[in-house]
Amino acid sequence: MRFKEEARHSLERAKECLRSASRCVAFTGAGISVPSGIPDFRSAKTGLWARFDPMEVASLSAFREQPEAFFNWLEPLAVNILKAAPNPAHNALADLQKAGRVQTIITQNIDRLHQKAGAQDVIELHGNIELLLCLKCRCDFPLEQYQTSWLEKHIFPRCPHCGSLLKPDIVLFEEMLPADAWNQAEYLCRNVDLILIVGTSLEVMPAASLPMEGYNHGAKLVILNRSPTPMDQIAQAVISMDVAESLPLLAGAILS
Ligand SMILES: [Zn+2]
């Protein structure tokens, strides 16, 4: 009962923040895609991922030096992501964006579920799974092109021009975040009055420093995340529910 009462108050405060904000960005993480069946690729050690330590296989040096381990790790993740569909949280966020309540969605996710839900303006801080890059020729290829050969016949994807193994366009350990995406996200966070944080424990650096940067430049923070985050204390509202429930509730209250 007390929990429910608290959640109601938090939702009310979050609503007020969203209503009164003239410029708002959303900042999303793995938690928004968990209800779509996608575990956090950097930390999940359950199910298919239990066999691997992401720190060891999801790195640039693993891609270069142990491609077999790298692709064996990535393959089930890619299959899982390609078959996943947006959930009510992605849909609610796309609705808020269409209604002009949220301008840009800054995401740490690589799954493109925001776009599949109809969101338009999305900044991907960690790249996305739908492209494969040849590091030698500097060209890219849609993953779709390799869906049968790689994901069904298990032949690792190679560049048709030079034969090099193709690297998915996702930010691996030991890699920098894409500069354009980062600069744009940082600029936005410094120039909005509200950051709606959804499904992230705010622990993966450097991405998690963006909401703090926004806060230091005067933005209010509203946090929707199942577990506590290091920024809960400075947020205007914290809603600790499944985001597939809380975000549609919030969007429904704002857009009705
Ligand atoms: Zn090539």
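The values are calculated or read from the model by the stated rules, or taken from the named source; none is laboratory data. What you see is a predicted model; the values in this text were computed from it and never measured. Cβ atoms come from the backbone with ideal geometry, glycine included; neighbour counts cover every protein chain shown. With ligands, DNA and RNA removed, areas are computed over all heavy atoms of the protein, side chains included. Shrake-Rupley method; radii C 1.70, N 1.55, O 1.52, S 1.80 Å.
Looking only at helices (runs of 4 or more DSSP H) that lie completely in segment 57-122, which have at least 1 residues being small (Gly, Ala, Ser)?
In segment 57-122, the matching helices (runs of 4 or more DSSP H) lie at 60-65, 67-83, 88-98.
Identify, from the list 188, 77, the residue that is closer than 28 Å to residue 208 by Cα and not assigned by TED's automatic domain parsing to the domain that holds residue 250.
Numbers: 188 fails: not assigned by TED's automatic domain parsing to the domain that holds residue 250.
The match here is 77.
Here's a check for you: in segment 60-90, which residue that is modelled with pLDDT of 90 or more and among the aromatic types (Phe, Trp, Tyr) is farthest from residue 175 (Cα to Cα)?
That would be 71.
Considering only segment 117-136, state which residues are among the polar types (S, T, N, Q) and either in contact with a Leu (Cβ under 6 Å, 6 or more places away or on another chain) or open to solvent by 20 Å² or more (accessible area, probe 1.4 Å) (or both).
Hit for segment 117-136 is 120, nothing else.
Looking at (1) within 17 Å of the chain's Cα centre (by Cα); (2) farther than 26 Å from residue 87 by Cβ, find the lone condition where residue 219 falls short.
Every condition holds for residue 219 apart from (1).
I'd like the full set of residues that are away from the ligand (no atom under 16 Å from the Cβ) and closer than 16 Å to residue 69 by Cα, limited to segment 156-191.
172, 173
For residue 103, state whether it is touching a residue at least 40 places away in the same chain (Cβ under 8 Å), open to solvent by 10 Å² or more (accessible area, probe 1.4 Å) and more than 24 Å from residue 61 (Cα to Cα).
yes
Has segment 130-149 got at least one residue that is away from the ligand (no atom under 16 Å from the Cβ), farther than 18 Å from residue 90 by Cα and of a type in the set (Val, Ile, Thr)?
Checking segment 130-149: at least one residue is away from the ligand (no atom under 16 Å from the Cβ), farther than 18 Å from residue 90 by Cα and of a type in the set (Val, Ile, Thr).
I'd like to verify a number: residues in segment 58-85 that are open to solvent by 40 Å² or more (accessible area, probe 1.4 Å) and within 17 Å of the chain's Cα centre (by Cα), how many?
3
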